[in-house]
Amino acid sequence: MDRHALHAALVEAGIPGGYYRIEGVHEPVPTPPDFLFVRRAADGGWETGAYERGLDEVLAHHPDEAAACAHLLRLLV
């Protein structure tokens, strides 16, 4: 699963768009106060995490996009 397939799965599951941010695919505006995210990590891997009260908290590091997307899907569905 890539980021586009993840977004399609979340839309199909009826998950509100303000609950998550998918780097480069779904970036809600205005920025919600709290949401889960998937993004590229500085080391070239991927991260899933939570944004709360203006701070990012990385929950997990992943070796590739597919693993990160699968993790975010499990967190939201």
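The convex hull drawn around the Cα atoms of the chain, when projected onto a plane and averaged over every direction, covers 4.6 nm².
For region 1-66, the solvent-accessible area of protein heavy atoms averages 60 Å² per residue (probe radius 1.4 Å; ligands and nucleic acids excluded).
What a 1.4 Å probe finds exposed on the chain is 53% carbon and sulfur by accessible area, rounded to a whole percent.
Summarising the label geometry, the points placed 7 Å from Cα in the beta-carbon direction at residue 61 and residue 31 lie 2.3 nm from one another.
Per residue, the average separation of C-alpha pairs within less than 8 Å and at least 6 apart gives the chain a relative contact order of 29 percent.
For the chain, a simple Cβ point-charge model (Lys and Arg +1, Asp and Glu -1, everything else neutral) yields a dipole of about 120 debye relative to the Cα centre. Put 65, 47, 12, 27 in order of accessible area, highest first, and with a 1.4 Å probe you get 12, 27, 65, 47. Taking trypsin sites (Lys or Arg not before Pro) across region 4-77, the ones in a DSSP loop with at most 13 further Cβ atoms lying within 10 angstrom of their Cβ are 53.
Put a dot 7 Å past the Cα of residue 40, heading toward its Cβ, do the same for residue 23, and the two dots end up 0.7 nm apart.
The values are calculated or read from the model by the stated rules, or taken from the named source; none is laboratory data. For clarity, every value in this text was computed on a predicted model and none was experimentally measured. Glycine gets a Cβ as well: all are built from the backbone with ideal geometry, and neighbour counts include every protein chain shown. Please note that ligands, DNA and RNA were not included when accessible areas were found on the heavy atoms of the full protein model with its side chains. Shrake-Rupley method; radii C 1.70, N 1.55, O 1.52, S 1.80 Å.
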